[in-house]
Amino acid sequence: MIECDERELWIMGLGDRVERGAIVCSYLAEAGHRARTAKPSELAACTPRAILLDLSPWSDDGWGILLSLKGDPATRDIAILPLYLSEIGQVGEVFPIAGFFTLPIDGPYLIKRLKQLGLADESEDYDLQAMLVTRKGEEQVMHVLTTLGFEVVNAYTGKEAVALGTIIHPYMMFCSLMLADLGAFELMERFRLYPQTRNIPFFVLLKDGMKEGERLAMSRSIDHLVRKTWLSREEFLSYFKKASA
C-alpha cells in the first residue's frame, strides 16, 4: 500500500461527525504534526503515518474499524492509538497499546513485528518472561513466543495477571480484548498504576469478529476509565509523545 505524500496523522471513528476531531487536530497541529479526520475508505488511496481511533460510546463503529484494519494484511502494520473522545470531541483518555494482533495468530507476522519493534533482540541473551492473559490460553501464541526464547507465564483472569505481573515484572504482555473479569484496556490501566509495570509493552489479541453487544460492552468499560476532567493540550501531547515513541 502506498504511503501518503504528506505523513499525516488520521483521526478515525467519527463517522459524519467530523467536528468531534477538531480539538485533537488542533492539539496536534500546535505541536507541529499534520493531522486530519478521515474515513476507512480513504485507505484505498494511501496510508497515514498513524491512526488515532476513537473507541468511546460516541464512536462511529470504532471497534469495527479496528478489527478491519488489523485483520487486513494491507493495513495491519499501521500504528493505531486508541482514544476516548467525548460527545463534542474533548479528549478523555489515551490508551498506549503497543499493538494489536488478530486470532488465530499469524506466527511469522508476530515474529516479524516483535523484531521490528526491537522486542526480540535480547531474548537469546537473557531469561525474559512474556505474560499471556487469556481465558483458556493461546497455544499458538505461546509457541511463537517460546520459539523466540521467551518463558511464557499464563494468567487466566485480570486479577491473576495483576498479582503475577507485579511480582515477576514480565518483559511484555499479551492480553485478550475481553477477559472474564476485566477488559484488556482496564487491565493495562491497572498495570500503569505501578512504577515497576507502567512501561511494559502491552499487546491486545483480537477475535475475528465482535458482536454488537460486545462492542457496546467494551466501549462502556472504557467509559469507566475516563477521568472526570478532560485532558489539556499539554497532557494529551505528553501521552501522545510517549505512545508514539
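The values are calculated or read from the model by the stated rules, or taken from the named source; none is laboratory data. As the structure is a computational prediction, the values presented were derived from the model and not from experiment. Quick reminder, even Gly has a Cβ in these numbers, built from the backbone with ideal geometry, and neighbours come from all protein chains shown.
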remark   = If you go through LEU225, LEU193, LEU205, LEU187, the only one that is closer than 21 Å to GLY99 by Cβ, at pLDDT below 95 and not basic (Lys, Arg) is LEU225
task = Search segment 6-18 for residues that are in contact (Cβ under 8 Å) with a residue 40 or more places away in the chain and pair each with any residue that is crowded, with 20+ Cβ neighbours inside 10 Å and among the basic types (Lys, Arg) when their beta-carbon atoms are under 8 Å apart and the residues are at least 6 apart or on different chains.
result = LEU14/ARG20
inquiry  = For segment 150-160, check the following and say yes or no: at least one residue is farther than 28 Å from ILE51 by Cα, in contact (Cβ under 8 Å) with a residue 40 or more places away in the chain and not assigned by TED's automatic domain parsing to the domain that holds GLY71.
reply    = no
ask   = What number of residues within segment 21-46 are farther than 17 Å from ILE65 by Cα and assigned to a helix (DSSP H, G or I)?
value = 9
inquiry  = Going residue by residue through segment 54-62, is there one that turns out to be within 29 Å of TYR109 (Cα to Cα), assigned by TED's automatic domain parsing to the domain that holds LEU231 and in contact with a Lys or Arg (Cβ under 6 Å, 6 or more places away or on another chain)?
reply    = no
request  = For LYS242, indicate whether it is in contact (Cβ under 8 Å) with a residue 60 or more places away in the chain and either part of a helix (DSSP H, G or I) or out of contact with any Asp or Glu (no Cβ under 7 Å at 6 or more places or on another chain) (or both).
outcome  = yes
query = Of all residues in segment 10-33 being modelled with pLDDT under 95 and touching a helix residue (DSSP H, G or I) at 6+ places or on another chain (Cβ under 8 Å), which is surrounded by the most Cβ atoms within 10 Å (Cβ to Cβ)?
reply = ALA31
note = Taking segment 49-74 and keeping only residues that are surrounded by 17 or more Cβ atoms within 10 Å (Cβ to Cβ) and either in a strand (DSSP E or B) or among the polar types (S, T, N, Q) (or both), one is left with ALA50, ILE51, LEU52, LEU53, ASP54, SER56, SER59
query = For segment 201-220, what are the residues that are in contact with a Leu (Cβ under 8 Å, 6 or more places away or on another chain) and either part of a helix (DSSP H, G or I) or of a type in the set (Gly, Ala, Ser) (or both)?
reply = GLY209, MET218, SER219
Residues (in contact (Cβ under 8 Å) with a residue 40 or more places away in the chain and farther than 22 Å from LEU187 by Cβ) located in segment 210-234 = TRP230, ARG233
query = Residues that are small (Gly, Ala, Ser) and surrounded by 15 or more Cβ atoms within 10 Å (Cβ to Cβ): which helices (runs of 4 or more DSSP H) entirely in segment 82-196 hold 1 or more of them?
reply = 158-168, 184-191
inquiry  = So, in segment 163-185, exactly how many residues are of a type outside the set (Val, Ile, Thr) and either without any contact (Cβ under 8 Å) to a residue 12 or more places away in the chain or closer than 15 Å to ARG215 by Cα (or both)?
reply    = 9
